[in-house]
Number of protein chains: 2
Amino acid sequence: MVGQSLAGGLARIRHQVTVGTRDPKASLARLGEGGFGTWAAQHAEVGIATFADAAAGADLVVNALSGDASLAGVGAASIADGTVLLDVANPLDASHGMPPSLFVANTDSLGETLQRTFPALRVVKSLNTMTASLMVAPGDLADGDFSTFVCGDDTEAKTLVTELLTSLGHRDVIDLGDITASRGVEAMMLIWLRLWGVVGSSMFTYKIVR
Amino acid sequence: MVGQSLAGGLARIRHQVTVGTRDPKASLARLGEGGFGTWAAQHAEVGIATFADAAAGADLVVNALSGDASLAGVGAASIADGTVLLDVANPLDASHGMPPSLFVANTDSLGETLQRTFPALRVVKSLNTMTASLMVAPGDLADGDFSTFVCGDDTEAKTLVTELLTSLGHRDVIDLGDITASRGVEAMMLIWLRLWGVVGSSMFTYKIVR
């Protein structure tokens, strides 16, 4: 769902987008409401390929997998050294009941785990603090008057991501520093999941008032 | 520092406030810039007593101790059954370097630990997501246009705290549900500590844009 939203939104502003899946044929065979095949038929401008084929030659790779599938998926994509990996995933763990906790937290994070596991990539954590539709259409909530966080070890990579975010309409992009700041933005999922129930909708996010 | 700010701010709106310390005489002997004795001399309207004497007969007790001193301090106060305990502390752990992590997180929290340890008290977690001066003077930042969270197991206790917050000028008090939501609000400290450096001041907090 997050991948579909990002792919559609990035294609809309004229990026060339290919969605990677484990098994493109099987993905395309999923029809009906919310099925990937149905979505793909409505988005002919978006390519579909294996993880590795989708990542080949990409200027930017987005990890929009679920948290627990992220390491295997990014590994399977065999992404070229130096590529910017925009990680929007959250390390959700529903194994202890609802609301989910995180399977890595406090002194480590999924963003850091990805950067450690794939040291030749340039990981930038962002966008995980909002629902998928807001990632590519921030103007749909309060005219975009909220904050979007980036963190990562590579300044140039953060600049690339920040320019992309700005082109999508993100008005207040805050650079939190190195990738260890993923601990902070991933932990915001804990209150996000509570607020989801209170607000009664996923159309909310955080503004840093300062 | 948090206790002084809260005591001063609550006394200013005409509450009868007594600060509890381990050793009131020793506290009052701390003079000079930021010393408790100096502050107390400037706030004659605020009482000073032992933890237990300060809590005796109180309608509301505030835990403004450091996270790691909270259990012992609340225990020493021998607070009467049924009393509302407003917990504003954060379980900061600087033992692994800076910025601090949390000594309890993700699947548990300080708020829950206090409620479990003192089941006869009615614990309400709030105000831990902002700097001390904003707790009692929210209008000093963006005319108070930000969000303040409460959570706890007792509805009546949350109503009491919400009324207090509103009387202080908190404009958007969000009830996150039971005390387990402390996990979410305490985890916001992880990004708060990062933002502190980025913003260059502690005068910031979160608004839930919805």
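The values are calculated or read from the model by the stated rules, or taken from the named source; none is laboratory data. Remember, it's a predicted structure, so these values are computed and weren't measured experimentally. Glycine gets a Cβ as well: all are built from the backbone with ideal geometry, and neighbour counts include every protein chain shown. Each accessible area value is taken on the protein alone, full model and side chains, heavy atoms only, with ligands, DNA and RNA left out. Shrake-Rupley method; radii C 1.70, N 1.55, O 1.52, S 1.80 Å.
Take every residue in peptide B:145-156, count the Cβ atoms of other chains within 10 Å of its Cβ, and give the average of those counts.
Numbers: counts 2, 4, 4, 0, 4, 0, 2, 0, 0, 0, 0, 0.
Partner Cβ neighbours, averaged per residue: 1.
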Residues whose modelled amide H sits under 5 Å from the amide H of A:Arg30, counting only those 5 or more places away in sequence or on another chain, are A:Phe36, A:Gly37
For B:Asp178, residues with placed amide H under 5 Å, excluding near neighbours: B:Gly152
Could you point to the residue in A:Asn128, A:Leu102, A:Ala69 farthest towards the positive end of the range A:2-199's charge dipole, with +1 and -1 charges on the Cβ of Lys/Arg and Asp/Glu respectively? A:Ala69
Given a Förster distance of 30 angstrom, what is the FRET efficiency for B:Gln42 paired with B:Ala142, based on the Cβ-Cβ distance and rounded to 0.05? 0.60
How many nm separate the modelled label positions at B:Glu156 and B:Ala56, each set 7 Å beyond the Cα in the direction of the Cβ? 2.5
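Any chance you could tell me what percent of the C-alpha pair distances in the range A:87-146 go past 20 Å?
Here the long-distance tail beyond 20 Å is 43 percent of all Cα pairs in the range A:87-146.
Accessible area per residue for chain B in Å², computed with a 1.4 Å probe and the full protein assembly in place, what is it? All intermediate terms of the calculation are to be shown ahead of the outcome.
Numbers: 9150 Å² over 210 residues.
Normalised by residue count, the accessible surface of chain B is 44 Å².
Using only helices, what value at 222 nm comes out for chain B when you add -39,500 (n - 2.57) per DSSP H run of length 4 or more and divide by the total residues, to the nearest 500 deg cm²/dmol? Let's see the in-between values first.
On the way: 9 runs with 80 residues, N = 210.
So the calculated ellipticity at 222 nm is -10500 deg cm²/dmol.
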Say a label goes 7 Å from Cα toward Cβ at A:Asp23 in every copy; what distances in nm does this one have to the rest, shortest first? 7.1
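What's the carbon and sulfur percent of chain A's accessible surface, probe 1.4 angstrom, rounded to a whole number? Walk me through the numbers on the way to the answer.
On the way: 4730 of 9140 Å².
Reported share for carbon and sulfur atoms: 52 percent.
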For the cross-link pairs A:Lys207/B:Lys125; B:Lys25/B:Lys207; A:Lys207/B:Lys158; B:Lys158/B:Lys207, which exceed 31 Å when the distance is taken from alpha carbon to alpha carbon? B:Lys25/B:Lys207
In whole angstrom, note down how far apart the Cα centers of the range A:68-136 and the range B:85-152 are. 27
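Given R₀ = 25 Å, what would the calculated FRET efficiency be for A:Ser95 paired with B:Ala120, taking r from the Cβ atoms and rounding to 0.05?
On the way: r = 33 Å, r/R0 = 1.31.
My answer for the efficiency is 0.15.
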Interface size between chain A and chain B, please: total buried accessible area, 1.4 Å probe, rounded to the nearest 100 Å². 2700
17 Å cut-off, amide nitrogen to a point 7 angstrom out along A:Ala76 Cα→Cβ, residues in the range A:44-62: A:48-56, A:62
Cβ neighbours within 10 Å from other chains - mean over A:189-199: 6
If amide hydrogens are placed 1.01 Å from N in the peptide plane, which non-local residues have theirs closer than 5 Å to the one on B:Arg122? B:Gly82, B:Thr83, B:Val84, B:Leu85
Got the A:Asp143 label distances to the other copies yet, label 7 Å along Cα→Cβ, in nm, shortest first? 1.4
Go through the range A:177-194 residue by residue and turn each phi into a ³J(HN,Hα) via Karplus (6.51, -1.76, 1.60, θ = phi - 60°); whole Hz please, and just put x for glycine and proline. x, 6, 5, 5, 5, 4, 4, x, 6, 5, 5, 5, 4, 4, 7, 4, 5, 6
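How shielded is A:168-177 by partner chains, expressed as the average number of their Cβ atoms within 10 Å of its Cβ atoms?
On the way: counts 0, 0, 0, 0, 0, 0, 5, 2, 5, 4.
Across A:168-177, the average partner-chain Cβ count within 10 Å equals 2.
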Quick one: net charge around B:Glu112, please, counting Lys, Arg +1 and Asp, Glu -1 for every other residue with C-beta under 14 Å from its C-beta. -1
Can you tell me which of B:91-100, A:199-208 comes out highest on packing, and rank the rest after it, using the mean Cβ neighbours within 10 Å? A:199-208, B:91-100
Using distinct alpha-carbon pairs, which all enter the 1/r mean, Kirkwood radius of the range B:2-199 in Å: 17.2
Going residue by residue through the range A:8-22, the Karplus relation 6.51 cos²θ - 1.76 cosθ + 1.60 with θ = phi - 60° gives ³J(HN,Hα) values, rounded to whole Hz and with x marking Gly or Pro, of x, x, 6, 5, 4, 9, 6, 7, 8, 10, 10, 8, x, 9, 4
